[in-house]
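Engineer: This structure is in structure tokens; I'll ask about it shortly.
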Amino acid sequence: QVQLVESGGGLVQAGGSLRLSCAASGRRSSLNAMGWYRQAPGKQRDMVAVATSGGSTSYADSVKGRFTISRDNAKNTVNLQMNSLKPEDTAVYYCYAFTTRGYWGQGTQVTVSS
């Protein structure tokens, strides 16, 4: 069983930056993929950024050039550096990890004021 714990959410003004962190426990070997999803009120949960253990990364078009995902395979941690934040980035951000199945963190709120 994998447990994911997020940290780093909060309130920031438009144009500001935040860094989200997620640590996975309960697994000794590297997770196949780790990443971030987000869900705004009344909307579906969407992928923000994902990084595989092989080093590949994927980003949602809406965050390309502003967000950067990084992970430490040995520690099973993943970070999301979010720059040039916009009000439309406001959402609950969830850490995600995949091995033979998916795992979710409890979510952390990110609020960007205009």
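The values are calculated or read from the model by the stated rules, or taken from the named source; none is laboratory data. Here the structure is a predicted model, which means the values were calculated and not measured. Cβ placement follows ideal geometry from the backbone for every residue including glycine, while neighbour counts extend to all protein chains displayed. These area figures cover heavy atoms from the full protein model, side chains too; ligands, DNA and RNA do not enter into them. Shrake-Rupley method; radii C 1.70, N 1.55, O 1.52, S 1.80 Å.
Engineer: So if we plug the beta-carbon distance of residue 99 and residue 60 into 1/(1 + (r/R0)^6) with R0 = 22 Å, what FRET efficiency do we get, rounded to 0.05?
Structural biologist: Working: r = 23 Å, r/R0 = 1.04.
E(calc), rounded to 0.05, equals 0.45.
Engineer: Now for a separate question. Got a sec to turn the phi values of segment 61-75 into Karplus ³J(HN,Hα) couplings, 6.51 cos²θ - 1.76 cosθ + 1.60 with θ = phi - 60°, whole Hz, x for Gly and Pro?
Structural biologist: 4, 5, 10, 4, x, 10, 10, 9, 9, 9, 9, 10, 5, 5, 9
Engineer: If you don't mind, there's one more thing I want to ask. Whole number please: convex hull volume per residue of the Cα set in the chain, in Å³?
Structural biologist: Residue-normalised Cα hull volume stands at 91 Å³.
Engineer: Accessible area per residue, 1.4 Å probe, Å², for the chain: what's the number? Display every interim value, and only then the final one.
Structural biologist: Values: 5910 Å² over 114 residues.
Here the residues of the chain average 52 Å² of exposed surface.
Engineer: Calculate one ³J(HN,Hα) per residue across segment 39-51 by plugging θ = phi - 60° into the Karplus curve 6.51 cos²θ - 1.76 cosθ + 1.60, and present them in order as whole Hz with x for glycine and proline.
Structural biologist: Computed from phi, the couplings for segment 39-51 are 9, 8, x, x, 10, 7, 7, 10, 5, 9, 7, 9, 10 Hz.
Engineer: Compute the distance from the alpha-carbon center of segment 66-90 to that of segment 31-63, in whole Å.
Structural biologist: Segment 66-90 and segment 31-63 have Cα centres separated by 9 Å.
Engineer: Under a straight-distance cross-link criterion of Cα-Cα below 21 Å, which lysines are reachable from residue 75, leaving out those fewer than 8 residues away in the same chain?
Structural biologist: none
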